[in-house]
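Reviewing the structure listed below.
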2 protein chains.
Amino acid sequence: MSEPPDAGPACPIPIGSYPQIVLAHGGGGRLMKQLIETILVPAFRNDLLERRHDGAVGELPPGKLAFTTDSYVVRPLEFPGGDIGSLAVNGTVNDLAMCGARPLYLSCGLILEEGLPIELLVRIVQSMRDAAAAAGVEIVTGDTKVVDRGKGDGIYINTAGVGVVASDRRIEPSEVHSGDAVLVSGDIGRHGMAIMAVREGLSFETRIESDCAPLADLVAKLLAEGIEVHCLRDLTRGGLGAALIEIAETRGVDLEVEEAAIPLPNEVRGACEILGLDPLYVACEGRFVAFVPDADAERALALMRAHPEGSRAARVGSVSGEGEGLVSLLGSLGTRRLADLPTGEQLPRIC
Amino acid sequence: MSEPPDAGPACPIPIGSYPQIVLAHGGGGRLMKQLIETILVPAFRNDLLERRHDGAVGELPPGKLAFTTDSYVVRPLEFPGGDIGSLAVNGTVNDLAMCGARPLYLSCGLILEEGLPIELLVRIVQSMRDAAAAAGVEIVTGDTKVVDRGKGDGIYINTAGVGVVASDRRIEPSEVHSGDAVLVSGDIGRHGMAIMAVREGLSFETRIESDCAPLADLVAKLLAEGIEVHCLRDLTRGGLGAALIEIAETRGVDLEVEEAAIPLPNEVRGACEILGLDPLYVACEGRFVAFVPDADAERALALMRAHPEGSRAARVGSVSGEGEGLVSLLGSLGTRRLADLPTGEQLPRIC
């Protein structure tokens with residue numbers, strides 16, 4: 001174990017007088033206890049966490065269990081509109097929302113690289129706390145590991161989420177029907193392009209901010225108002241294009257999408273042109289696609305637009321019928337092209 | 001994206017003709033879909049997983065919810081008696097068991113390093129499948145990320161676990177009472193020393209194998225037979241010593257432990273002497289400590305010893321009374337020393 005460095009910037013919360021993470025912070029000993037008690041427990045404070053046991057035990061409201069997980073490896077760790085902490089909370093909250101569940105509890109698994117500044121860890125943990133409060137979930141159980149320098153990249157976060165589904169209706173690809181309207185909850189591509197702009201050093205007149213946000217409240221509103229939601233999918237890795245293709249292929253239906261109807265911010269369009277990317281496949285972290293019956297489409301759109309997370313919602317297409325899972329993109333000049341999942345890697349480590 | 005190499009060892013399950021993981025396997029596109037459909041879904045096959053949605057939705061039997069998580073960063077990835085896959089399943093199953101819960105569902109979050117041989121990934125995933133089957137749990141939801149070469153170490157795995165607690169009795173540090181017996185479910189230190197022997201190139205007459213095993217069945221048996229279990233803790237990072245100190249400090253009781261009563265394999269003792277380690281703090285992955293009323297101790301020990309995972313169970317001490325959380329180790333010559341959490345890092349990346 002290395003000695004604490006003599007100099008270096010003052011840290012607001014030194015852990016065992018170390019301004020940076022050392023291997024012993026993950027060793028199960030005194031330093032790990034200090035890390036947990038000084039930074040993590042105070043930030044995530046709640047009854048279940050404070051029992052300090054191997055897991056959390058609590059009551060679950062009536063309904064079916066929804067359970068999901070995501071690991072977050074985004075770089076840079078902090079970006080306009082969010083950081084890996086808010087992303088890790090919202091991403092998993094949104095996966096629960098996409099099942100029609102009310103998110104309740106999150107776990108937090110941290111993999112820290114030796115050398116991570118404690119100050120940065122504190123900022124990220126506080127960002128998780130704030131995002132959890134905003135989404136109405138509690139972080140009730142966690143785990144911290146430390147890996148040696150050069151075997152990580154600052155911090156990776158895994159969150160798993162538990163929620164309850166109150167309704168008996170399934171919300172999943174198998175429920176998609178011919179004639180369903182395809183709605184998008186907002187403009188696309190902001191998260192991916194916010195990250196890429198930082199990485200590539202691009203600057204625009206309008207700074208692109210990530211759309212990272214919790215979607216559970218908006219989904220709950222649609223369900224509470226009786227919209228017959230057939231399927232939901234958030235537009236993360238692979239963006240709107242991948243979400244549509246995966247649902248179409250899983251269900252065996254064909255989709256027709258009007259390209260001009262997809263809300264696309266000018267600055268995202270510009271950044272995609274510079275980098276040679278197709279915005280259809282650029283990740284969002286606060287947008288989703290909803291499949292609803294044609295008869296419910298207008299009312300669903302009105303509900304979405306009245307909500308802060310859905311102000312730019314739009315109908316972008318329809319389910320044209322049973323088929324092989326083809327997604328046709330209709331251009332404004334009457335052109336038609338098929339969407340296809342990119343084989344390669346457009347945007348590594350975007351989430 | 002790099003081209004597939006022309007040569008190299010044949011892989012039983014090439015993914016898009018790549019024998020190794022490339023960044024695009026995590027990109028949300030065609031290659032990631034192939035990875036999931038060729039390796040992960042077939043291995044973990046179950047109804048919930050096959051709906052291919054953002055999360056799993058299913059029924060939970062009556063009882064309280066138990067929820068836990070751990071990330072696994074062990075190296076080497078494969079070791080005598082297990083690998084990172086079986087460890088990731090058993091470790092989280094055991095955390096649920098320590099809450100008195102019946103483990104039901106696991107999530108699987110993979111962080112793969114570019115360059116990981118697909119063949120090795122397949123072995124690890126199959127090991128997870130086998131461990132899940134042995135423990136009676138289903139892996140119902142997952143996530144895969146790929147990080148660039150030099151930003152990981154082959155594979156890191158996070159599992160979160162969900163289970164149900166049928167009884168109203170709490171099993172946690174606050175339930176520990178003065179006079180409780182302290183039982184250990186088996187001999188200690190095998191997991192840590194199996195890992196260290198590989199890393200340090202030590203060889204002994206008897207090869208040390210990890211004790212990695214699921215403990216939920218043994219715990220369920222104790223509860224079903226009416227043992228009044230007050231607290232359970234598995235002996236992972238920090239070993240028996242850290243488990244005892246943490247429970248004593250959390251509850252505010254003092255413990256007296258007879259060193260000679262702690263079951264310690266000769267080969268573990270030998271390896272610890274060579275490496276200068278105190279076996280009290282060496283991790284196990286298939287052992288736990290149980291606090292039960294003195295009146296239940298003999299019956300609990302008999303039940304443990306009749307179970308394959310508890311054959312070397314022993315009573316090692318007692319709760320001497322309310323106090324500051326001190327753990328006294330009584331030597332065979334009448335000596336007494338206080339156990340203390342190690343400050344530094346004895347065994348990095350042991351789990």
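The values are calculated or read from the model by the stated rules, or taken from the named source; none is laboratory data. Predicted model, so just to flag it, every value in this text is computed and none were measured. Methodologically, a virtual Cβ is constructed for each residue, glycine included, from the backbone with ideal geometry; neighbour enumeration extends over all protein chains shown. Quick note on the areas: whole protein, heavy atoms, side chains included, nothing else; ligands and nucleic acids left out. Shrake-Rupley method; radii C 1.70, N 1.55, O 1.52, S 1.80 Å.
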Exercise for the section: Starting from residues that are acidic (D, E) and facing chain B (nearest Cβ under 9 Å), keep the ones in the stretch A:21-66 and report whichever is surrounded by the most Cβ atoms within 10 Å (Cβ to Cβ). Expected result: A:D54
Problem - Selection status of B:E309, open to solvent by 40 Å² or more (accessible area, probe 1.4 Å), within 14 Å of another protein chain (Cβ to nearest Cβ), part of a helix (DSSP H, G or I) and in contact (Cβ under 8 Å) with a residue 24 or more places away in the chain - result: no
Handout entry: Any pair with Cβ under 7 angstrom, 6 or more apart, that starts in the stretch B:220-238 at a residue that is over 19 Å from B:S210 (Cβ atoms) and within 13 Å of chain A (Cβ to nearest Cβ) and ends at one that is assigned to a loop (DSSP other than H, G, I, E, B) and open to solvent by 40 Å² or more (accessible area, probe 1.4 Å)
Key = B:H230/B:H177
Completion exercise
B:V147 vs (1) at the interface with chain A (Cβ under 7 Å from one of its Cβ atoms); (2) in contact with a Cys (Cβ under 6 Å, 6 or more places away or on another chain); (3) open to solvent by less than 10 Å² (accessible area, probe 1.4 Å): all pass except (2)
Exercise for the section: Run down B:L106, B:L121, B:L96, B:L110 and say which single residue is of a type in the set (A, V, I, L, M, F, W, C), modelled with pLDDT of 95 or more and out of contact with any helix residue (DSSP H, G or I) (no Cβ under 7 Å at 6 or more places or on another chain). Expected result: B:L110
Exercise for the section: Tell me, please, whether a residue that is within 24 Å of A:R51 (Cβ to Cβ) and in contact (Cβ under 8 Å) with a residue 24 or more places away in the chain can be found in the stretch B:258-280. Expected result: no
Problem - All helices (runs of 4 or more DSSP H) inside the stretch A:7-116 with 2 or more residues being β-branched (V, I, T) - result: A:84-98
Exercise for the section: Of the numbered conditions (1) modelled with pLDDT of 95 or more; (2) facing chain A (nearest Cβ under 7 Å), B:D83 fails exactly one; give the number of that condition. Expected result: (2)
Exercise for the section: Pull up the stretch A:156-167, narrow it to residues that are among the aliphatic types (A, V, I, L, M) and open to solvent by less than 50 Å² (accessible area, probe 1.4 Å), then point me to the one that is farthest from A:P62 (Cα to Cα). Expected result: A:I157
Handout entry: Flag for B:S203 being polar (S, T, N, Q) and free of Cβ contacts under 8 Å to residues at least 12 places away in the same chain
Key = yes
Practice task
Mind checking which strands (runs of 3 or more DSSP E) fall wholly inside the stretch A:168-279 and carry at least 2 residues that are among the charged types (D, E, K, R) and surrounded by fewer than 22 Cβ atoms within 10 Å (Cβ to Cβ)?
Solution key: A:253-258
